[in-house]
Amino acid sequence: SGIAPTFIPHGYTLSDIIIDITPSQKSFLALYTKDDLLLKISVQTISFAETEQIEMSDGSTEEYVVNNTTYYIFSNHEQIRAVWVSDSYECYISGTLTIDEIKDMIVSIGKG
């Protein structure tokens, strides 16, 4: 199936991949750039000791359900972010994107 998107919006190129594996946690961060814009895709094992606090600046969150997974889409300081949980991983996409672009990325998860 897969937990990361296979579609990346036009113009973004992969600039870095950061993988951090410890006995208690695995994390994967892919960074894409387009001019001075940054797109981040993060997948990490859920750590119940350190649940990440997600800041939402304007308070409006859209729930978007695809293949029985609920994705929470919101804007945060001119960035669009989607967060979700898949199996034992918490994941997010964050960047200067349109709602349509982030939804296209979400729909591409598990397709390959």
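At 7 Å along the Cα-to-beta-carbon direction for both residue 38 and residue 7, put a label point, then send me their distance in nm to one decimal.
Result: 2.5 nm between the two label points.
Per the Kirkwood formula on distinct C-alpha pairs, the Rh of the chain is how many angstrom? Mind showing how you got there, number by number?
Numbers: mean 1/r = 0.0689 Å⁻¹.
For the chain, inverting the mean 1/r across all distinct Cα pairs yields 14.5 Å.
For the chain, what is the accessible area per residue in Å² when the probe is 1.4 Å? Mind dumping the intermediate values first?
On the way: 6900 Å² over 112 residues.
Accessible area per residue, the chain: 62 Å².
If the reach is capped at under 20 angstrom between alpha carbons, list the lysines near residue 34, excluding any in the same chain fewer than eight residues apart.
Those lysines meeting the cut-off are 103.
Hey, what's the per residue convex hull volume over the C-alpha atoms of the range 67-109, in cubic angstrom?
On the way: hull volume 2.8 nm³, N = 43.
It comes to 64 Å³ per residue, whole-number rounded.
Give the carbon-plus-sulfur fraction of the accessible surface of the chain in %, rounded to a whole number; probe 1.4 Å, heavy atoms of protein chains only.
Working: 3440 of 6900 Å².
So the carbon and sulfur contribution to the accessible surface is 50 percent.
Please give the peptides 69-78, 87-96 ranked by average Cβ packing (other Cβ atoms within 10 Å per residue), highest first, as a rough proxy for protection. It would help to have the intermediate numbers written out before the result.
Values: 69-78: 14.9, 87-96: 17.1.
Put in order of decreasing packing, that is 87-96, 69-78.
The values are calculated or read from the model by the stated rules, or taken from the named source; none is laboratory data. Predicted model, so just to flag it, every value in this text is computed and none were measured. All Cβ positions, glycine included, derive from the backbone under ideal geometry; neighbour counts span all protein chains shown. For the accessible areas, the whole protein counts, side chains as well, though only heavy atoms, and no ligand, DNA or RNA atoms are used. Shrake-Rupley method; radii C 1.70, N 1.55, O 1.52, S 1.80 Å.
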